[in-house]
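Working notes, beginning with the structure itself.
Read-outs: derived from the displayed coordinates by stated rules, not from any lab. Quick caveat: nothing in here was measured; it's all calculated off a predicted structure. Backbone-built Cβ (ideal geometry, glycine too); neighbour counts: all protein chains shown.
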């Protein structure tokens with residue numbers, strides 16, 4: 001012990017120099033870590049006031065605080081035991097004050113600071129921290145520890161796969177764009193994780209593939225969105241001009257939002273899709289008056305053949321009204337018991353099933369309208385179609401009293417207009 005005290009007394013300048021050097025080195029390391037490059041959400045390095053401040057390494061932090069504690073404890077011991085050049089050069093009153101200060105620092109202040117801050121330092125080092133202003137910038141902090149990078153990799157792989165799947169089945173162009181961009185973004189972040197390896201995926205190759213396939217995938221998304229909008233206009237919004245026009249406006253807006261990312265080929269395809277939907281709605285609006293279609297534009301059966309089932313029902317209802325039928329009512333689309341239209345003429349109630357087909361009709365519609373006629377309490381059942389009927393259907397209708405109105409019958413009703 002005496003030897004150690006003698007060595008400390010003899011080499012105190014060396015001890016002080018080493019301690020100060022350790023503090024300086026730790027400070028330099030901390031500054032370097034705090035100014036380490038961090039990437040924004042777009043994969044670019046953040047600069048200036050937007051740079052994300054990295055947390056201090058727990059090891060560096062511990063060494064720095066321990067060195068400070070050692071210095072204060074060493075100087076306090078000098079004051080207390082009365083050795084060293086610093087003690088000999090100072091008056092007694094100043095020595096007592098310095099001893100009190102160094103003792104408080106070494107015994108209370110530095111250990112208290114270490115105990116309060118160390119757990120938070122470790123947490124920040126492992127998981128990272130985002131300040132409010134940086135969170136608004138969607139900063140992506142590259143984790144430092146291997147464990148944290150492994151956890152981040154799992155999350156990013158899941159995000160990549162989910163968004164890629166969503167992009168390939170989305171019915172809205174905006175949904176596709178968001179999901180596809182997020183899948184690319186996830187791959188770009190994965191490439192920044194240098195301490196972990198992806199076993200079942202080559203992020204670089206996959207990222208290059210996604211970027212090279214963007215225009216192709218975008219055209220697929222436009223086609224899906226077009227088909228979805230056509231379905232919404234013809235089915236969901238078939239009785240509402242307002243909502244049909246809203247659907248067109250929504251489609252136009254989604255196209256306009258991405259037009260600066262279109263290639264020439266994609267732009268032409270998008271323009272044709274917009275034109276297709278716009279013409280569809282324009283035709284429906286032109287051919288629709290109040291609650292029934294008008295017949296100037298649909299006077300030819302060739303036009304009628306292009307209708308879907310719901311349009312054909314409305315068209316048939318309007319045709320019946322033009323031919324003197326009254327109380328014409330189109331039934332609900334589900335649970336209609338095989339009857340699409342209820343109508344009256346000369347105090348006789350008709351139950352009518354409408355079929356817009358591309359081939360001749362068999363027995364099934366005859367059987368359905370026969371049951372529906374009884375359900376609605378009508379006197380006559382009718383199957384109305386733009387095509388013809390098979391021999392079996394004609395024989396069944398003759399025996400059951402069901403009327404068959406085929407293409408020629410409808411053409412005759414049209415001629416009465």
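Each of 315, 216 was scored by other Cβ atoms within 10 Å of its Cβ. Listed from fewest to most, they are 216, 315.
What distance in nm separates the simple spin-label points at residue 209 and residue 257, each placed 7 Å from Cα in the Cβ direction? Simple spin-label model gives 2.8 nm for this pair. The C-alpha radius of gyration of the stretch 217-286, expressed as a fraction of 2.2 N^0.38 Å, stands at 1.09. With a Förster radius of 22 Å applied to the beta-carbon distance between residue 303 and residue 236, the computed FRET efficiency rounds to 0.45. Sorted fewest first by neighbouring Cβ atoms within 10 angstrom, 319, 191 come out as 191, 319.
Simple spin-label estimate for residue 227 and residue 112 gives 7.1 nm between the two label positions (7 Å along the Cα-to-Cβ direction from each Cα). Kirkwood radius for the stretch 143-276, taken over all pairs of different Cα atoms as the inverse mean of 1/r, rounds to 16.5 Å.
Set the Förster distance to 51 Å, then compute FRET efficiency between residue 73 and residue 158 from the Cβ-Cβ distance, nearest 0.05. Rounded to the nearest 0.05, the efficiency is 0.50.
Considering all different alpha carbon pairs of the stretch 296-415, the Kirkwood hydrodynamic radius works out to 14.2 Å. Against the empirical 2.2 N^0.38 Å (N residues), the stretch 146-212 has a Cα radius of gyration ratio of 1.13. Between residue 380 and residue 250, what is the spin-label point distance in nm, taking each point 7 Å from the Cα along the Cα→C-beta axis? The answer from the label model is 4.3 nm. Here r is the Cβ-Cβ distance between residue 275 and residue 63 and R0 is 60 Å; the resulting FRET efficiency, rounded to 0.05, is 0.30. The order of the peptides 162-170, 260-268 by mean Cβ neighbours within 10 Å, most packed first, is 162-170, 260-268.
Ordered by the count of other Cβ atoms within 10 Å of each Cβ, fewest first, 119, 189 give 119, 189.
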